[in-house]
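Below is one structure, written out as structure tokens, with a few remarks after it.
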Amino acid sequence: MAEINLFQSFFLIFSGAAIVASLALFGRQPLLVAYIALGVLLGPSAFGVIDNVQLLAEMSNIGIIFLLFLLGLEMQPRALIAVLRKAIFVGIVSCAIFLGLGFGIGQLFGYTDVESWVIGMALMFSSTIIGIKLLPTTVLHHKHLGEMMVGLLLFQDFVAITCLMILLSGSTGQVDVAQLGLSFAALPLVALFAWVVVKYLLLPLFTRFDRFHEYVFLLALGWCMGLAELAEIVGLSHEIGAFIAGIALATSPISQYIALSLKPLRDFFLVLFFFSLGAQFKLAMLPEVALPALITAAAVLAIKPAVFRYLLGNQSEDKVLAWDIGFRLGQISEFSLLIAFLAFNQQLIGSGASHLIQATAILTFLVSSYIVVLNFPNPIAIKDHLRRD
């Protein structure tokens, strides 16, 4: 088969993604699972139609940078503190339990200590896509369930950022404690620099030229990329820099416009990211990871809802509400895939551990989304009495 060029690759990816996304929506499946499945089919492990996977993977990293920039933009400090205060105890205890669960599973199947800890990291987080996107809008914005969900997911986001810093500090198969210390020391300096630049340079520019939408878009894009590169230079990472860039702009009145402007660009690169994950998934690894992935997924789907039910019940939450939150958060996360991707690239884990996390993510996304759609109020419920916009 003749090698296809970049345009043909994009044609296959995005035309194919449009088709499989339509099928996924009819089948009530998360879209990212469809993108991963398309990557597996078109990648080297299946039909081998697209073989320049490494180039696509490098391009798709930009989507993760935009994802973290937008995450920072949406974190209003005052509201953030309010919801985190409600969720911090449950967040800390649940993360510790799932970290230990993942480490235990890793040890059970003979993975190294570092690989087991990374598997534990991957199990700590729940999917924002399933947790928030399948929550009715009125519940998300006006009810206690929405507040608790947002609080727990935001707390997990902060933990995920810390995990990314840990992973990105080590590049030789061992976590570099000294480099991690330097990274944490550089963090407040980068944050202070970001605050000064936003206050004295960017906000005056936005205020003066806010009528020129193209300029606002360009300045926001340049700010995101610029601070991401600065963070990389001082020993952090592009992702951490983009997150700080977003938080620094979050209190600006123009932050929501920037977020809306960048979401299509973010989605473009995230389709590439999930496609490249699927394309890099080696079907030959399935015999090795099938049993561990099935057991890990079953443990996550059974234990996560029970843990959240118990912890929230101890905080005097209503029993039905506690189970509702538990099942909505009863899977692993998009961040889990990112952790597997980065840890493998940093040579902290092998191909087996990486594929275990990816397979567990796909399984828990599928099963958990079915549980939520069939049993709890959501915008795409099959049963009329559960459908809520």
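Structure notes:
- Where helices (runs of 4 or more DSSP H) fall wholly inside the range 202-313, the ranges with 3 or more residues that are crowded, with 20+ Cβ neighbours inside 10 Å, at pLDDT below 85 and under 24 Å from the mean Cα position of the chain (by Cα) are 238-249, 255-280.
- Count of the range 348-387 residues which are of a type in the set (Gly, Ala, Ser) and at pLDDT below 85: 2
- Residue within the range 370-385 that is part of a loop (DSSP other than H, G, I, E, B), acidic (Asp, Glu) and without any contact (Cβ under 8 Å) to a residue 40 or more places away in the chain present: no
- Flag if Val320 is over 19 Å from the mean Cα position of the chain (by Cα), surrounded by fewer than 20 Cβ atoms within 10 Å (Cβ to Cβ) and assigned to a helix (DSSP H, G or I): yes
- Residue count, the range 44-73 (criterion: under 19 Å from Ala248 (Cβ atoms) and of a type in the set (Gly, Ala, Ser)): 1
The values are calculated or read from the model by the stated rules, or taken from the named source; none is laboratory data. Every value quoted in this text rests on a predicted model; they were computed, and no experiment measured them. With ideal geometry, Cβ positions are generated from the backbone for all residues, glycine too; neighbour counts draw on all protein chains shown.
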